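Below is one structure; the comments refer to it alone.
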Amino acid sequence: MNALHVLTASLILGAASIPAPTAAADRAVSAASIEGADAARASALLDRAEAYFREHGEQALATFSRMGEFQDGDLYVYVLGLDGTVLASGGSSATLIGRNVRDMTDSSGRPFFREIIEGARTRPSGRVEYRWRNPVRDRDEPKIATYRLVGDRVLVVGYYMAHASLDLAKSLVWRAVHELRLNDVQAFERFNSLNGGFVQDDLYVFVIGLDDGIMHANGGHPRLVGRKVGELVDANGKYFVRDMLALARNKGEGEVDYAWRNPIGQKIEKKRAYVVRVGRYLVGSGAYFGPAR
């Protein structure tokens, strides 16, 4: 058998040993569906609030500020004046009623209230993305404010964007597998880059050599790149990298739980990683799912 035949056989066998990405990619649609459902709920709540405000005028502000009447689960209505004053709120921002928040910024320094007000001056409806504390997960997360201008009042409903799930992590892994198989080690640069398409909020790709235990790519913790990580332990002393490497070698793919620092907020959280063997490399990504115990 000549060298070309050997190479062709190796590629075929290597491809056959990797499970098809279809199921993981399909399941990733669920997070997008959740976000779409939240957007629809926000729009429906705004519809109700707008109709109520048009009928009752300024008296509606007191109603919007009463807990429960204009709420849908974790969604609620708040109202801004065009000068930036909070006039009503049925949720956590009720503490801001009567205060001018025009120059208030989110955790990244973005003056999102000002963007809402200025946006409403130029078009009667729209949306603004920002980062805000999620009380359920106790950390800052991406949030979308949808707004409507009614007279000189801006009605707003905000919802958190669907956070990274394990299904999304699996989808990202299979994208990375495809990239690695196409471009070999040149793919590492994209995995490490914030602009490479493989870092999405607290979701990122990592690559570890199965033979050398070296971290070749890590979009969330770049300081680990180039280091031997086989003996790395998590916050609870678990040799989780050993588990990942053994899983990839023996089964080709699988999941490993451990406690790891989330680059968003820098807190130790529980994490579940999905890893896949691609030739001499382990490709993985994972989702955080709550504070570590």
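Details
- Alpha carbon centroid spacing (whole Å) that separates region 107-128 from region 266-282: 37
- Each of M104, M67, M244 has some number of other Cβ atoms within 10 Å of its Cβ, and from fewest to most they run M67, M104, M244.
- Averaging 1/r over each pair of different alpha-carbon atoms in region 164-291 and inverting the result gives 14.2 Å, the Kirkwood hydrodynamic radius.
- Hz values of 3J(HN,Hα) by residue in region 63-76 - Karplus curve (6.51, -1.76, 1.60), Gly and Pro given as x: 5, 4, 7, 7, 4, x, 6, 10, 10, 9, x, 8, 9, 8
- Most to least packed among 52-63, 210-221 [average Cβ atoms within 10 Å]: 210-221, 52-63
- Local electrostatic count, D83, Cβ distance below 14 Å [Lys/Arg +1, Asp/Glu -1]: +2
- Among L82, L282, the ranking by other beta carbons within 10 Å of each residue's beta carbon, starting with the fewest, stands as L82, L282.
- Candidate aspartates and glutamates for bridging to K170, where Cα separation is under 12 Å - those fewer than 8 sequence places away on the same chain excluded: D26, E253, E255
We did not get these values from a lab; they are worked out from the coordinates using the rules stated. Just so it is clear, the structure is predicted and the values come from calculations on it, not from any experiment. Methodologically, a virtual Cβ is constructed for each residue, glycine included, from the backbone with ideal geometry; neighbour enumeration extends over all protein chains shown.
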